[in-house]
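Asker: To start, I am sharing the structure in question, which I have written as structure tokens.
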Amino acid sequence: MGPNGSGKTTLLRALVDLGRVVSSPTNPVHLLPFLSNQARWEPTRFALEGEGNFLAPGETPQRFRYELVIARQATENGTAELFVSHEALVHFPRGRRRRLLERGAPGAHIYVSRDLGLRARDDRLKGVEPNRSAMATLGLLNVPVAARFAAFMRDSLVSASNISGNETFTPDTSTVIGWLEAGQDARRWAEAQIQRSDLGIEDMEIADEFGVKHIRFSHSGLDAPVVLHFESKGTRRLFHLLPLIKSALDVTGLAVLDEIDGDLHVDMLGEILSWFRSRESNPRNAQLLVSSHHVGLLDDLEKEEVFIVEKDDSGATRVYGAQDVQGLRRDVRLYSKYRAGVLGGLPRFG
């Protein structure tokens, strides 16, 4: 939950940028520094911990930690030249930390373990450029573990996301129609969720008029169907979010959604949360990471599920978990604690 427009999506954008940096070394992301003289040349640091089975496909996923530090160096014309000053991938077999890869500043030795499938002096290490991710580069050079890790980052952090650059988006209507037509399971699931969100909707159909396809809904009490354009904003919003949510539940394992509360009632947000909590609708244990200003959602969440994004007087943004707030019990209502200022993140006006 964030207090302002510029800071609330820091965590989401950092995750998506990290996925793009690692999975696409040939199409680098432009990382802007914090716009203050003091921090202008400070490095950008990413760290991600999770579970994955890219080391041994088909086996139980292992805990891992990936770290990436992108530094800046001033050029003669005053612009910034980016380079990787630190990169590391570690895992924790039997709870003990073990390095798979670690590199420092350009020119420094790149450490690789045998588990990565490389020798210490493998010629492929010479192909790692100063401004490219080593894991992504080694993936392109047919190192299997690196290739699987880059694919894991790309599929988990980018595919089921509505973040594009500094903006959010939803698939357009024609894209959603194509998704519905591609599989009956997706269509049946979408129809069920739309009907749950609007009790008046009885059926959803794809109509083709003069070569143009569109969606229309049959409502109880109405003698003619209603086209998508004339439905409520909440129904339209949910309709366009469904492919991203279903993709996470079935394929990617993680949906990263910015501004999920736009036009949706707080009870509908709670319904979406229930899709991820239910073993029946989420058998693969997919996760949902969202930003929202809808503080009414807090009472649908445990303190371990809430992160506060807060901007200080200098314009810097910090992210911290509600579980880190001293003295916060698990059995309290988070909404009342937020309104009382216990969780922080309250906007200040005037």
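The values are calculated or read from the model by the stated rules, or taken from the named source; none is laboratory data. Note that this is a predicted model, so its numbers are computed, not measured. Don't worry about glycine lacking a Cβ; one is built from the backbone with ideal geometry, like all the others, and counts go over all protein chains shown.
Asker: Looking only at helices (runs of 4 or more DSSP H) that fall completely inside the range 112-203, which ones have 2 or more residues that are surrounded by fewer than 21 Cβ atoms within 10 Å (Cβ to Cβ), touching a helix residue (DSSP H, G or I) at 6+ places or on another chain (Cβ under 8 Å) and among the acidic types (Asp, Glu)?
Answerer: Numbers: elements: 134-140, 144-154, 173-182, 184-197.
In the range 112-203, no matching helices (runs of 4 or more DSSP H) lie anywhere.
Asker: Let me ask you something else. Can you name the number of the only condition in (1) touching a residue at least 12 places away in the same chain (Cβ under 8 Å); (2) over 19 Å from Asn162 (Cα atoms); (3) assigned to a helix (DSSP H, G or I); (4) of a type outside the set (Lys, Arg) that Ser274 fails?
Answerer: In the conditions (1) touching a residue at least 12 places away in the same chain (Cβ under 8 Å); (2) over 19 Å from Asn162 (Cα atoms); (3) assigned to a helix (DSSP H, G or I); (4) of a type outside the set (Lys, Arg), Ser274 misses (1) alone.
Asker: In addition: Out of Glu271, Glu310, Glu259, Glu304, I need the residue that is within 17 Å of the chain's Cα centre (by Cα) and under 28 Å from Ser336 (Cα atoms). Which one?
Answerer: Exactly one residue qualifies, and that residue is Glu259.
Asker: Kindly indicate whether Phe217 is under 13 Å from Val176 (Cα atoms), more than 18 Å from the chain's Cα centre (by Cα) and crowded, with 21+ Cβ neighbours inside 10 Å. Outline the logic, then answer.
Answerer: Details: under 13 Å from Val176 (Cα atoms): no; more than 18 Å from the chain's Cα centre (by Cα): yes; crowded, with 21+ Cβ neighbours inside 10 Å: yes.
Answer is no for this residue.
Asker: What's the total number of residues in the range 81-128 that are acidic (Asp, Glu) and closer than 24 Å to Arg40 by Cβ? Walk me through how you get there before you give the answer.
Answerer: Step one: of the range 81-128, the residues acidic (Asp, Glu) are 81, 87, 102, 115, 122-123.
Still in the list and also closer than 24 Å to Arg40 by Cβ: 81, 87.
Going through the range 81-128 one residue at a time, the tally reaches 2.
Asker: Can you name the condition, by its number, that Gly52 falls short on among (1) loosely packed, with under 15 Cβ neighbours inside 10 Å; (2) in contact with a Pro (Cβ under 7 Å, 6 or more places away or on another chain); (3) closer than 27 Å to Arg284 by Cα; (4) not aromatic (Phe, Trp, Tyr)?
Answerer: Here Gly52 meets the rest and fails (1).
Asker: Tell me yes or no: at least one residue of the range 296-307 is within 24 Å of Ser232 (Cβ to Cβ) and free of Cβ contacts under 8 Å to residues at least 24 places away in the same chain.
Answerer: no
Asker: Looking at Gly350, Gly315, Gly341, can you tell me which residue is of a type outside the set (Phe, Trp, Tyr), in a loop (DSSP other than H, G, I, E, B), modelled with pLDDT of 90 or more and loosely packed, with under 13 Cβ neighbours inside 10 Å?
Answerer: Numbers: Gly350 fails: modelled with pLDDT of 90 or more; Gly315 fails: modelled with pLDDT of 90 or more.
The conditions single out Gly341.
Asker: I'd like to verify a number: residues in the range 277-299 that are among the acidic types (Asp, Glu) and either assigned to a loop (DSSP other than H, G, I, E, B) or closer than 21 Å to Lys246 by Cβ (or both), how many? Outline the logic, then answer.
Answerer: Narrowing the range 277-299 to residues among the acidic types (Asp, Glu): 280, 299.
Still in the list and also either assigned to a loop (DSSP other than H, G, I, E, B) or closer than 21 Å to Lys246 by Cβ (or both): 280.
Total satisfying the criteria: 1.
Asker: Answer yes or no as to whether Val256 is of a type in the set (A, V, I, L, M) and at pLDDT below 90.
Answerer: On the way: of a type in the set (A, V, I, L, M): yes; at pLDDT below 90: yes.
When the stated conditions are applied, Val256 passes them.
Quick grid of which residues meet (1) touching a strand residue (DSSP E or B) at 6+ places or on another chain (Cβ under 6 Å); (2) crowded, with 17+ Cβ neighbours inside 10 Å; (3) modelled with pLDDT under 90:
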| site | (1), (2), (3) |
| --- | --- |
| His240 | no, yes, no |
| Met268 | no, yes, yes |
| Trp275 | no, yes, no |
| Arg279 | no, no, no |
| Ala286 | no, yes, yes |
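Asker: Give the number of residues within the range 174-190 that are of a type in the set (Gly, Ala, Ser), under 13 Å from Lys246 (Cα atoms) and touching a residue at least 12 places away in the same chain (Cβ under 8 Å).
Answerer: Quick first cut of the range 174-190, residues of a type in the set (Gly, Ala, Ser) only: 174, 178, 182-183, 186, 190.
With under 13 Å from Lys246 (Cα atoms) added as a condition, the list becomes 183, 186, 190.
Pick out the ones that are also touching a residue at least 12 places away in the same chain (Cβ under 8 Å) and you get 186, 190.
Total meeting the criteria: 2.
Asker: From Val256, Val251, grab the single residue that is outside any helix (DSSP H, G or I) and either of a type in the set (A, V, I, L, M, F, W, C) or surrounded by fewer than 18 Cβ atoms within 10 Å (Cβ to Cβ) (or both). Before you say what the answer is, go through the steps one by one.
Answerer: Numbers: Val251 fails: outside any helix (DSSP H, G or I).
Result: Val256 is the single residue among Val256, Val251 that is outside any helix (DSSP H, G or I) and either of a type in the set (A, V, I, L, M, F, W, C) or surrounded by fewer than 18 Cβ atoms within 10 Å (Cβ to Cβ) (or both).
Asker: Give the number of residues within the range 222-238 that are modelled with pLDDT under 90 and not in a helix (DSSP H, G or I).
Answerer: The qualifying residues number 1.
One line per residue, one yes/no per condition, for (1) touching a His at 6+ places or on another chain (Cβ under 8 Å); (2) in contact (Cβ under 8 Å) with a residue 40 or more places away in the chain:
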{"residue": "Pro57", "(1), (2)": "no, yes"}
{"residue": "Gln62", "(1), (2)": "yes, no"}
{"residue": "Val69", "(1), (2)": "yes, no"}
{"residue": "Ser85", "(1), (2)": "no, yes"}
{"residue": "Ala108", "(1), (2)": "no, no"}
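Asker: A further question on this structure: Identify all residues within the range 68-125 that are closer than 23 Å to Gly50 by Cβ and of a type in the set (Phe, Trp, Tyr); write none if there are none.
Answerer: Once the filter is applied, which keeps residues that are closer than 23 Å to Gly50 by Cβ and of a type in the set (Phe, Trp, Tyr), the range 68-125 yields Phe92, Tyr111.
Asker: On to the next question. Do you know which residues across the range 99-111 are surrounded by 13 or more Cβ atoms within 10 Å (Cβ to Cβ) and either assigned to a loop (DSSP other than H, G, I, E, B) or not aromatic (Phe, Trp, Tyr) (or both)?
Answerer: To start, the set of residues in the range 99-111 that are surrounded by 13 or more Cβ atoms within 10 Å (Cβ to Cβ) comprises 99-104, 106, 110-111.
Matches in the range 99-111: Arg99, Leu100, Leu101, Glu102, Arg103, Gly104, Pro106, Ile110.
Asker: Can I ask one more? Just to be sure I understand, how many residues within the range 36-55 are within 24 Å of the chain's Cα centre (by Cα) and without any contact (Cβ under 8 Å) to a residue 12 or more places away in the chain? Explain how you work it out, then say what you get.
Answerer: If we filter the range 36-55 for residues that are within 24 Å of the chain's Cα centre (by Cα), which is where we start, we get 43-55.
Filter again for without any contact (Cβ under 8 Å) to a residue 12 or more places away in the chain, leaving 53.
Qualifying residue count for the region: 1.
Asker: Please work out if Phe276 is within 17 Å of the chain's Cα centre (by Cα) and aromatic (Phe, Trp, Tyr).
Answerer: Working: within 17 Å of the chain's Cα centre (by Cα): yes; aromatic (Phe, Trp, Tyr): yes.
Yes.
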